[in-house]
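Before any comments, here is the structure.
The values are calculated or read from the model by the stated rules, or taken from the named source; none is laboratory data. Please read all numbers here as calculations on a predicted model, not as lab measurements. Every residue, glycine among them, receives a Cβ derived from its backbone with ideal geometry; neighbour counts consider all protein chains shown.
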Amino acid sequence: MTLVETWVQTPLAQAIGWTLVHSLWEGALVVVVLAAALGAMRSSRARYAAACLAMLAMLAGFGFTFARVMPHERSRVAIIANAGGGSLPFGFEEPRSLVQRSAADFLPWLAPFWMAGVVIFHLRSLASWMAARRLRRTGVCLAPDIWRERLGRLGARLRLSRPVTLLESCLAEVPVVIGYVRPAILMPVGLLAGLPAGQVESILLHELAHIRRYDYLVNLLQAAVEGFLFYHPAAWWISGLIRAERENCCDDLVVAANGDAHEYAAALAALEESRWSARQAAPAATGGNLMQRIRRLLDRPEAPRRALTPIFSAGILAITAAVVVLAAWQQQPQASAPLAGPYRKWLNEDVTYIITDRERDAFKRLQTDEEREHFIEQFWLRRDPTPGTPRNEFKEEHYRRIAYANQHYTAAGVPGWKTDRGRIYIIYGPPDEIEAHPAGGTVAHPFQQWRYRFIEGVGANVIIEFVDSTGSGEYRMTRDPSKRPTQ
């Protein structure tokens, strides 16, 4: 008999099995009551509170059932053991054939699967929490002073007493709140400069509303409850309802603070359009929830707005389309009027191989030299391996590579940084070995082979070959290492 087979015959496994079965109808009953309550509620705060109470009721029902079943199982197993003349250890039964067993005999086998699921879901929640912690420390920088000052004024408007840090992140795709004791708002790079100030303030108000309502802490507790009730569809339905009404509550606070639901709806549409462009994903992935929130903002239950509801509902598509057209219109002048002076050189020469597409687009949308200087400063700070020190080793090494490429790989009038050897040197650094083969004998054209012991994201023992087929001294790469299969 294995350890698992031995354990499922204990009173604990018996009690867990019966508790899981009873929790199915208990959860269904909670859903019925919650659905009836939601039908009579209009306030998002009331619906949110009802959903939270329903989730707690499911957890409490699970605990109450277990507390009632556990003593009964102990007594039943003890009676069975005594009936066997004391020959069996406490908690064990005589083995029976598969035909002799009833459905109740298989219930204890649910216990190990449930416990394994609880561990997996809680480990996933822990990993998500650790990833959020890393997101706050990696690839972030302080937002401009003007926006931090505005954030303080917006917090005062919501009567928020706790200090909140405003950071720009190159990893976050959407604005997000991280932390409970020391909350921080992470804004995607370029969002503060890429949207109108009124829309950015609406988005910040929404995130501040999450902080005021302690949603970060509530979400952690919600994830813990989900881990215990992961097997129950009702738990996931209620959890989804909590998240939806949580956003609605924050939307209501924003509208109450701003007084303009239409501007905030436009801000939500602009934010989703920006995320859609960044992720290159279909709008249906998150558009349904977005449309529900915007429709709710424009179709409010108050009497003065009820008459205009059809107009607002019909105009939501026009708002989204206008946002897309506006974004395209804003990008056209930037494409036809390229940057001039040192900023053009910085973008198209200095960092052309290391800047991301998102950072490039954000830099092109900047309007003033002051914004560009701040962007460049934060660009290097995000890559500084030793932040807080006078030196930025990454920046120094990058410009050293550029200078080396221009000095050693310039050929046929082509600057060294633009040649294939210069590009590889700037991106991956000096090779570990170089084999040079001049023309002559069986070698038709001079060529070089650069060997890298390891390139992250490419593989180990990477060999890159360059051939001077024209005899001009410009060696062309025969194969891009980024297209090489990982070894």
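In this structure, is Ala184 in contact (Cβ under 8 Å) with a residue 60 or more places away in the chain and of a type in the set (Gly, Ala, Ser)?
Values: in contact (Cβ under 8 Å) with a residue 60 or more places away in the chain: no; of a type in the set (Gly, Ala, Ser): yes.
Spelling it out, it is not the case that Ala184 is in contact (Cβ under 8 Å) with a residue 60 or more places away in the chain and of a type in the set (Gly, Ala, Ser).
Restrict the check to the range 386-408 and report whether at least one residue is among the small types (Gly, Ala, Ser), surrounded by 15 or more Cβ atoms within 10 Å (Cβ to Cβ) and either touching a Cys at 6+ places or on another chain (Cβ under 9 Å) or in contact (Cβ under 8 Å) with a residue 60 or more places away in the chain (or both). Talk me through it step by step, then tell me what you get.
The first filter runs over the range 386-408 and keeps only residues among the small types (Gly, Ala, Ser), leaving 388, 403, 405.
Cutting the leftovers down to surrounded by 15 or more Cβ atoms within 10 Å (Cβ to Cβ) gives us 405.
If we keep only those that are either touching a Cys at 6+ places or on another chain (Cβ under 9 Å) or in contact (Cβ under 8 Å) with a residue 60 or more places away in the chain (or both) too, we end up with none.
No - not one qualifying residue is present in the range 386-408.
Which residue out of Arg153, Arg162 is surrounded by fewer than 16 Cβ atoms within 10 Å (Cβ to Cβ) and touching a Lys or Arg at 6+ places or on another chain (Cβ under 9 Å)?
On the way: Arg153 fails: touching a Lys or Arg at 6+ places or on another chain (Cβ under 9 Å).
Checking each option against the conditions leaves just Arg162.
Does Ile434 fit the bill of being out of contact with any Ser or Thr (no Cβ under 8 Å at 6 or more places or on another chain), at pLDDT 85 or above and within 20 Å of Gly416 (Cβ to Cβ)?
Numbers: out of contact with any Ser or Thr (no Cβ under 8 Å at 6 or more places or on another chain): yes; at pLDDT 85 or above: yes; within 20 Å of Gly416 (Cβ to Cβ): yes.
Answer is yes for this residue.
Exactly one condition in (1) outside any helix (DSSP H, G or I); (2) touching an Asp or Glu at 6+ places or on another chain (Cβ under 7 Å); (3) without any contact (Cβ under 8 Å) to a residue 60 or more places away in the chain; (4) not β-branched (Val, Ile, Thr) is not met by Arg150; state its number.
Only one criterion is unmet by Arg150, namely (1).
Which one is farthest from the chain's Cα centre (by Cα) among residues in the range 153-175 that are under 26 Å from Pro385 (Cβ atoms) and in contact (Cβ under 8 Å) with a residue 40 or more places away in the chain? Walk me through it before giving the result.
Taking the range 153-175 and keeping what is under 26 Å from Pro385 (Cβ atoms), we get 165-173.
Filter once more, keeping what is in contact (Cβ under 8 Å) with a residue 40 or more places away in the chain: 168, 170, 173.
On the way: Glu168: 15, Cys170: 12, Glu173: 7 Å.
For the range 153-175, the residue satisfying everything is Glu168.
Against the conditions (1) part of a helix (DSSP H, G or I); (2) under 15 Å from Glu201 (Cα atoms), where does Leu166 fall short? Just the number, please.
It is condition (1) that Leu166 fails.
What residue, of Gly459, Gly441, is over 15 Å from Ile354 (Cβ atoms) and free of Cβ contacts under 8 Å to residues at least 12 places away in the same chain? Talk me through it step by step, then tell me what you get.
Working: Gly459 fails: free of Cβ contacts under 8 Å to residues at least 12 places away in the same chain.
Residue meeting the stated conditions: Gly441.
Please state which of the following conditions Ile203 fails to meet, knowing it meets all the rest: (1) surrounded by fewer than 20 Cβ atoms within 10 Å (Cβ to Cβ); (2) under 20 Å from the mean Cα position of the chain (by Cα).
Result: Ile203 fails condition (1) only.
More than 16 Å from Phe466 (Cβ to Cβ) and modelled with pLDDT of 90 or more: does that describe Tyr409?
Numbers: more than 16 Å from Phe466 (Cβ to Cβ): no; modelled with pLDDT of 90 or more: yes.
No.
Could you identify the single residue in Glu373, Glu349, Glu359 that is surrounded by fewer than 18 Cβ atoms within 10 Å (Cβ to Cβ) and within 21 Å of Ser169 (Cβ to Cβ)? Steps first, please.
Details: Glu349 fails: within 21 Å of Ser169 (Cβ to Cβ); Glu359 fails: surrounded by fewer than 18 Cβ atoms within 10 Å (Cβ to Cβ).
Exactly one of Glu373, Glu349, Glu359 is surrounded by fewer than 18 Cβ atoms within 10 Å (Cβ to Cβ) and within 21 Å of Ser169 (Cβ to Cβ), namely Glu373.
Take Leu220 and tell me if it is crowded, with 17+ Cβ neighbours inside 10 Å and either under 27 Å from Ala261 (Cβ atoms) or in contact (Cβ under 8 Å) with a residue 40 or more places away in the chain (or both).
So Leu220 fails the test.
Matching residues to (1) part of a strand (DSSP E or B); (2) closer than 30 Å to Thr138 by Cα; (3) under 28 Å from the mean Cα position of the chain (by Cα):
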position: Arg344; (1), (2), (3): no, yes, no
position: Tyr353; (1), (2), (3): no, yes, yes
position: Ala362; (1), (2), (3): no, yes, yes
position: His374; (1), (2), (3): no, yes, yes
position: Leu381; (1), (2), (3): no, yes, yes
position: Pro430; (1), (2), (3): no, yes, no
position: Gln448; (1), (2), (3): yes, no, no
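Sort out which residues of the range 384-414 are touching a helix residue (DSSP H, G or I) at 6+ places or on another chain (Cβ under 6 Å) and under 30 Å from Glu474 (Cβ atoms), and write them in order of number.
Correct list: Lys395, Arg401, Ile402, Ala405, Asn406, Tyr409, Thr410.
To keep it simple, each residue is scored yes or no on (1) of a type in the set (Ser, Thr, Tyr); (2) out of contact with any strand residue (DSSP E or B) (no Cβ under 6 Å at 6 or more places or on another chain); (3) not in a strand (DSSP E or B).
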position	(1), (2), (3)
Tyr404	yes, yes, yes
Trp417	no, yes, yes
Ile426	no, yes, yes
Tyr452	yes, no, no
Ser469	yes, yes, yes
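Tally up the residues in the range 7-37 that are in a helix (DSSP H, G or I) and in contact (Cβ under 8 Å) with a residue 40 or more places away in the chain, please. Give the derivation first.
First pass over the range 7-37, keeping only residues in a helix (DSSP H, G or I): 7, 11-37.
Next, from what is left, pick out any that are in contact (Cβ under 8 Å) with a residue 40 or more places away in the chain: 7, 11-24, 27-28, 30-31, 34.
Qualifying residue count for the region: 20.
Among the residues of the range 206-240, which ones are within 21 Å of Ala54 (Cβ to Cβ) and over 20 Å from the mean Cα position of the chain (by Cα)?
Of everything in the range 206-240, those that are within 21 Å of Ala54 (Cβ to Cβ) and over 20 Å from the mean Cα position of the chain (by Cα) turn out to be Arg213, Val225, Phe228, Leu229, Phe230, Tyr231, His232, Pro233, Ala234, Ala235, Trp237, Ile238.
Can you run down the residue pairs with Cβ atoms below 7 Å, 6 or more apart or on separate chains, where the first is in the range 41-56 and modelled with pLDDT under 95 and the partner is hydroxyl-bearing (Ser, Thr, Tyr)?
Final answer for the pair search is Met55/Ser239.
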